[in-house]
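*Asks:* Handing you a structure now.
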Amino acid sequence: VTMVVLGDVHNTLTHNDYLQIAALNPQMQCYAQLGDFVEREQFYYKQLLMRELNGTPFTSLPILACLGNHEYSKGINRRLPDSWFASFPMPLNGPEDGLGTTYYVDFRNLRFIAIDTEDSQLLSDFTRLNAWVKQTISTAWQPWVVVMMHRPVFASRKGRMNPTVWLSLAYALQEADVIFSGHDHTYARRGDGLAEDGETHEPVWIGLTSTTHARRPKTRSRMDTIGAGGPVYGQLQVSRHELSLRTCTLDGTCIDSVKLVER
């Protein structure tokens, strides 16, 4: 599996940006989006963009989409508009109350899981989401498990920590290999694949942004901030015995890379 991973876009990537990413990734078989692709229900951005990109890999290849807070309408009784499901028809294999927004996709060597963190803002959501995530990871028959979500478990910006997301997912995700998140508008990484004793597995946590809206990273974070702001994107390549990840600026310059080998 070879895919491109995009972080928060916020309507900022242009037609030429996507063409450049496609040209630099000719082996791309699909691409993933970590949420906040649009601004507050502005799904016409996606429709116009796809029309401009007609005939390119971004219209002919599958997209794995994740929900962010900007896809939801604002307010106390915020809601997810029907235009989300029309724009991003995702698999219906998640928990009953998260169909089409929390799901997984099986590849030959990879189980790829998407989690809607906007649907887990209350403590009452803990058991439901925690149990589904642990079961979905534990039943994977593939050698690698990669997860994407919008809100991070470990924030790289001050004031961005979400206690409910941490309680629901910090330990449930321990058996995954890589966890992508957006939301913080910085590029940050935590974890090296193994604990010091070489036995206890520790995932690699990646915070990724593809928007031009730069933000100041958090000091004393549990994530190591490597690049403030963006835009950057991830190149993920998975084989039977190896998972490699490169993070690049839009011109293809690599700013960070990680390689995991089969345990």
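The values are calculated or read from the model by the stated rules, or taken from the named source; none is laboratory data. Small disclaimer: the values here were computed from a predicted structure and weren't measured. Because the Cβ atoms are built from the backbone with ideal geometry, glycine has one as well, and the counts that use them run over all protein chains shown.
*Asks:* Just to be sure I understand, how many residues within segment 71-100 are touching a strand residue (DSSP E or B) at 6+ places or on another chain (Cβ under 8 Å) and either on the phi > 0 side of the Ramachandran plot or at pLDDT 85 or above (or both)?
*Replies:* Looking only at that region, the number is 5.
*Asks:* Those residues that are in a helix (DSSP H, G or I) and farther than 21 Å from residue 180 by Cα, I need them from segment 54-83; list them, please.
*Replies:* 57, 59, 60, 82, 83
*Asks:* Next question, about the same structure. Taking residue 247 as the residue in question, decide whether it is β-branched (Val, Ile, Thr), modelled with pLDDT of 70 or more and under 22 Å from residue 145 (Cβ atoms).
*Replies:* Yes; evaluated as a whole, the condition is true for this residue.
*Asks:* Taking segment 4-38, which residues are in contact (Cβ under 8 Å) with a residue 12 or more places away in the chain, within 15 Å of residue 250 (Cα to Cα), not in a loop (DSSP other than H, G, I, E, B) and not hydroxyl-bearing (Ser, Thr, Tyr)?
*Replies:* 4, 5, 6, 8, 15, 17, 19, 20, 21, 22, 24
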